1. Considering only helices (runs of 4 or more DSSP H) fully contained in the stretch 18-104, which possess at least 3 residues that are of a type outside the set (Ser, Thr, Tyr) and surrounded by 15 or more Cβ atoms within 10 Å (Cβ to Cβ)?
2. Can you name every residue in the stretch 58-104 that is aromatic (Phe, Trp, Tyr) and over 20 Å from Asp38 (Cβ atoms)?
3. Consider only pairs whose beta carbons are under 9 Å apart and that are at least six residues apart or on different chains; among these, list those whose first residue lies in the stretch 11-38 and is outside the structural domain of Tyr75 (by TED's automatic domain parsing) and whose second residue is assigned to a loop (DSSP other than H, G, I, E, B) and β-branched (Val, Ile, Thr).
4. Using beta carbons and a limit of 7 Å, which pairs, at least six apart or on different chains, have the first residue in the stretch 84-104 and within 18 Å of Gly54 (Cα to Cα) and not assigned by TED's automatic domain parsing to the domain that holds Tyr70 and the second one surrounded by 14 or more Cβ atoms within 10 Å (Cβ to Cβ) and of a type in the set (Lys, Arg)?
5. List pairs: first residue in the stretch 59-73 and closer than 19 Å to Gln87 by Cβ, second residue surrounded by 15 or more Cβ atoms within 10 Å (Cβ to Cβ) and at pLDDT 95 or above anywhere in the structure, Cβ distance under 6 angstrom, at least six positions apart or on different chains.
6. Give the number of residues within the stretch 77-90 that are farther than 20 Å from Glu40 by Cβ and either touching a Phe, Trp or Tyr at 6+ places or on another chain (Cβ under 8 Å) or not charged (D, E, K, R) (or both).
7. Suppose we keep only residues that are farther than 19 Å from Trp83 by Cα, modelled with pLDDT of 80 or more and of a type in the set (A, V, I, L, M, F, W, C) within the stretch 10-55. Which one would you say is farthest from the chain's Cα centre (by Cα)?
8. May I ask you to list the residues in the stretch 56-104 that are of a type in the set (Gly, Ala, Ser), within 15 Å of the chain's Cα centre (by Cα) and on the phi < 0 side of the Ramachandran plot?
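The values are calculated or read from the model by the stated rules, or taken from the named source; none is laboratory data. No experiment lies behind these values; they were computed from the predicted model shown. Every residue, glycine as well, gets a Cβ built from its backbone with ideal geometry; the counts of neighbours run over all protein chains shown.
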Amino acid sequence: MSAQAAHRGGGSCLLPAFQKAAVLATSGTDRYERIFTDNEDPPAEPLCSVCNEGTQFTPGPTVSGWCQTYGHLPYGEYHGTSWDRAQERYAWRRRLWDRARETT
């Protein structure tokens with residue numbers, strides 16, 4: 001595709017694909033699935049940015065002295081959100097998701 005065609009909108013579908021590929025390559029599947037969600041999937045459980053607590057993928061969570069000292073750091077939550085608060089927000093989102101599935 002020429003630069004002119006890309007500038008006119010012919011390449012507009014490439015940027016989202018490159019963004020997704022970059023996130024997947026640099027961040028891994030856990031973070032990718034939390035950023036690019038599918039409406040049919042249930043909300044994802046909290047994931048610790050430091051030790052990967054909450055991951056469903058191998059190699060699984062790792063032991064972290066930082067997490068043992070300061071607590072888990074939930075990925076994708078507002079800065080300063082505690083692990084317990086992230087768990088509460090997940091439970092709330094999951095209840096809403098379950099109720100929406102019951103009514104359809």
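1. Values: elements: 29-35, 65-70, 83-103.
The qualifying helices (runs of 4 or more DSSP H) are 29-35, 83-103.
2. Going residue by residue through the stretch 58-104, those that are aromatic (Phe, Trp, Tyr) are 66, 70, 75, 78, 83, 90, 92, 97.
Hits for the stretch 58-104 are Trp66, Tyr70, Tyr78, Trp83.
3. Taking only residues 6 or more apart or on different chains, the pairs are Gly28/Thr55; Thr29/Thr55; Asp30/Thr55.
4. Note: no pairs meet the criteria.
5. Close Cβ pairs satisfying both conditions: Gly71/Trp83; His72/Trp83.
6. Initial filter on the stretch 77-90 (farther than 20 Å from Glu40 by Cβ): 77-89.
Subset that is either touching a Phe, Trp or Tyr at 6+ places or on another chain (Cβ under 8 Å) or not charged (D, E, K, R) (or both): 78-83, 86-87.
The qualifying residues number 8.
7. Leu14
8. Just the residues of the stretch 56-104 that are of a type in the set (Gly, Ala, Ser), to begin with: 60, 64-65, 71, 76, 80, 82, 86, 91, 100.
Those still in the list that are within 15 Å of the chain's Cα centre (by Cα) too: 76, 86.
Result: Ala86, single match.
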